[in-house]
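In what follows, a structure is listed as structure tokens, so that the remarks can point back to it.
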Amino acid sequence: MTFDLSNARFAFLDLETTGLSPWFGDRICEVGIVVTEGKRIRASYQQLVNPERPLSPAAASTNGLKDAELAKAPTFRQVAREVLAHLKEATVVCHNAQFDLQFLDSEFRRIGHEIQLSNVIDTLFIAREHFDFPSYSLTNIATEFKIQNPEAHRALADALTDKAVFFALLEALKPTGKQFDEFIGLYNSPAWPRDGIQLPTELGEVIQSGKRLLITYVDKSGEQTERWVTPIQVLGLSDYLYLRGYCHLRNDERTFRLDRILSIRIELDH
């Protein structure tokens, strides 16, 4: 079946979260949805959500949200109906869909509801399959297509950016004869750890680069240090996700809780 792109209903979805894994209790703290008919925006939705737990240091550093403002927001249970209404009868488009949708799935399960998303498109998958970019983060792909996103890492801004990226990808793929419906998949509720550990695109890319990383790390006492680390693997331990790596500060292998890494940078080639 071929969809009429000009009249197709899309819901571009982005979430901000308290950390990296719903399996260890992380929650949604902001929802952004842009509903379109073809390229025409029909509705937009931005909602802070009380996650009923503190932001991790890494999340707070990335999205700039504060626990105090989130504490005044409605809980996910209170906004779940609105969220579903915006996603209803739409092809849901996300960047790194499995990461966001595992959080959405977890929140709905908490309130005794199982989401069914029969039409899902992942712009990360499209980009990786058909384009050669130095990075496949949403920010970098937007830069490749000269798309502005001054409020990166806020939910509605990223949903709007993903809308622009999606249509730019489709336009660039026109000469190949690819139709957008070829990229539609069915979302299946993940069953960690069988489906592997899902990480945000940028974080996953730098860890998998194999290069030394300069990380800013905050320990449980709140002390910040900078150190060079050569990554070895990401582990799901009893309490959270960790990066195991060779720490050049200590000249030994160490594990670093991923939600305590405030910033991370790849060593430049000489």
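Bear in mind these aren't lab numbers, they're just calculated from the coordinates by the rules spelled out. On a predicted model such as this, the values are computed, not experimentally measured, just so you know. Neighbour counts are summed over all protein chains in view; Cβ atoms, including those assigned to glycine, are modelled from backbone coordinates with ideal geometry.
Please work out, to two decimal places, the log10 of the ratio I(q)/I(0) at q = 0.10, 0.15, 0.22 Å⁻¹ from a Debye calculation in which every Cα of segment 59-164 carries one identical scatterer. Values returned for q = 0.10, 0.15, 0.22 Å⁻¹ are -0.35, -0.78, -1.35. The GNM of the chain, with springs linking C-alpha atoms under 10 angstrom apart, assigns the highest mean-square fluctuation among 249, 214, 203 to 249. Against the main long axis of the alpha-carbon atoms of the chain, helix 76-87 sits at an angle near 40°.
With 10 angstrom as the radius, rank 39, 146 by how many other C-beta atoms surround their C-beta, starting from the fewest. Numbers along the way, then the final one.
Values: 39 13, 146 8.
Ranked by crowding around the Cβ, least crowded first: 146, 39.
Using the alpha-carbon centroid of each, what span in Å lies between segment 234-267 and segment 129-144? When both Cα centres are located, 26 Å separates them. One quarter of the surface of the convex hull around the alpha-carbon atoms of the chain equals 15.6 nm², the direction-averaged projected area. When its C-alpha radius of gyration is set against 2.2 N^0.38 Å (N residues), segment 9-81 gives a value of 1.19. With a threshold of 23 Å on the Cα-Cα distance, the over-threshold entries among 88/163; 39/178; 39/174; 146/211; 39/146 are 146/211. Projected over every direction and averaged, the convex hull enclosing the alpha-carbon atoms of segment 198-268 yields 4.7 nm². Separation of segment 68-102 and segment 10-58 by C-alpha centroid, Å? A separation of 5 Å, based on Cα centres.
Within the chain, the longest run free of GluC sites (Glu not before Pro) that sit in a DSSP loop with at most 10 other Cβ atoms within 10 Å is 115-222. List the lysines whose Cα sits under 25 Å from the Cα of residue 66, skipping any in the same chain fewer than 8 residues away. Once the sequence-local lysines are set aside, what remains near residue 66 is 220.
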